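S.K.: Following this message is one structure expressed as structure tokens.
A short reminder: the numbers here are calculations on the coordinates, not readings from a lab. Everything numeric here is computed off the predicted structure, so don't read it as measured data. Methodologically, a virtual Cβ is constructed for each residue, glycine included, from the backbone with ideal geometry; neighbour enumeration extends over all protein chains shown.
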């Protein structure tokens, strides 16, 4: 989604505990596999803008190990489409899930926005204040993020009936460190973050957030409303 200048800072209220993985596991978009059995899901349910005719049910789980952060989304959806196939394209116009996170605890307003459409095509920027300071990750860098998706890469025509789709990502911390100092996940550490669901160019535009955002129109680029991921 298009970035806007932030409004005055406001406290974020959402908190989620993120547990460490005990062993490596394949990235395959399987929501119920053993890796995620002990992970408590969070709900992406706060609406921005006018309510959509149909509201998807969206959950996410997160985990970490010494080298990576992991996230998986499950979306119980309708009116699903996925057309964009190029890195850093307008994936948020498709049925799309998004993970915005500030990995440097000393700079909670500087963040990455990872956006992935239902077909598994990603966009990721690093954004600092002022908002004009946007760094796009290169295709070679983006390819280091392992992404699995349950839907075909192209979903068209739009699937109007009920469908559940998943996106799973492994994000290397070494990739993030090319752009910013990183507070390495460990017990007692935390990141600021928010997670979203959108589909601005589908026939059912929807804008959902995990941590509530108080703004009169859909705008995900307001890091002062990020919640807290607390590593355990």
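S.K.: In µm²/s, what is D for the chain at 37 °C and 0.692 mPa s, where D = kT/(6 pi eta Rh) by Stokes-Einstein and Rh is the Kirkwood radius from Cα pairs?
M.R.: 187 µm²/s
S.K.: For residue 217 and residue 232 in one chain, what is 0.36 nm times their gap in residues minus the Cα-Cα distance, to one decimal in nm?
M.R.: Going from the current span to full extension adds 1.9 nm.
S.K.: What is the order of 94, 28, 133, fewest Cβ neighbours within 10 Å to most?
M.R.: The most exposed by this proxy come first: 133, 28, 94.
S.K.: How large is the helix-only mean residue ellipticity at 222 nm for the chain, computed as the sum of -39500 (n - 2.57) over DSSP H runs with n ≥ 4, divided by its residue count, in deg cm²/dmol to the nearest 500? Intermediate values should be presented prior to the final figure.
M.R.: On the way: 2 runs with 8 residues, N = 232.
It lands at -500 deg cm²/dmol.
S.K.: Continuing with the same structure: May I ask you to derive the relative contact order of the chain, considering only C-alpha pairs under 8 Å and at least 6 residues apart, and to give it as an integer percent?
M.R.: 32 percent
S.K.: In µm²/s, what is D for region 138-187 at 10 °C and 1.306 mPa s, where D = kT/(6 pi eta Rh) by Stokes-Einstein and Rh is the Kirkwood radius from Cα pairs?
M.R.: Rounded, D is 115 µm²/s.
S.K.: To make sure I understand, if each residue's beta carbon is the centre and we count other beta carbons within 10 Å, what order do 40, 146 fall in, fewest to most? Could the numbers behind the result be given before it?
M.R.: Working: 40 12, 146 15.
Ranked by crowding around the Cβ, least crowded first: 40, 146.
S.K.: On full extension of the chain, what length is gained from residue 55 through residue 136, given 0.36 nm per residue of separation minus the C-alpha to C-alpha distance?
M.R.: 26.1 nm
S.K.: What ranking of 96, 110, 169 emerges when the number of other C-beta atoms within 10 Å of each C-beta is taken as an exposure proxy, fewest first?
M.R.: 110, 169, 96
S.K.: Still on this structure, I have one more. So how far apart, in nm, are the two label points at residue 107 and residue 32 if each is 7 Å from Cα heading toward Cβ?
M.R.: Those two pseudo-labels are separated by 4.3 nm.
S.K.: With springs connecting C-alpha atoms under 10 Å apart, model the chain as a Gaussian network and identify which of 122, 218, 26 has the largest mean-square fluctuation.
M.R.: In this elastic network of the chain, the residue with the biggest mean-square fluctuation among 122, 218, 26 is 26.
S.K.: Moving on. When the chain is modelled as a GNM with alpha-carbon springs shorter than 10 Å, which of 187, 153, 20 fluctuates the most?
M.R.: Among 187, 153, 20, the largest mean-square fluctuation in the Gaussian network model of the chain belongs to 187.
S.K.: Quote the Stokes-Einstein diffusion coefficient, in whole µm² s⁻¹, for region 57-153, based on the Kirkwood radius over alpha carbon pairs, a temperature of 10 °C and a viscosity of 1.306 mPa s.
M.R.: 110 µm²/s
S.K.: OK, next. Between residue 23 and residue 153, take the C-beta separation as r, use R0 = 30 Å, and let me know the FRET efficiency to the nearest 0.05.
M.R.: 0.55
S.K.: For region 16-93, how big is Rg over Rh, using alpha carbon atoms and the Kirkwood form of Rh?
M.R.: Rounded to two decimals, Rg/Rh equals 1.01.
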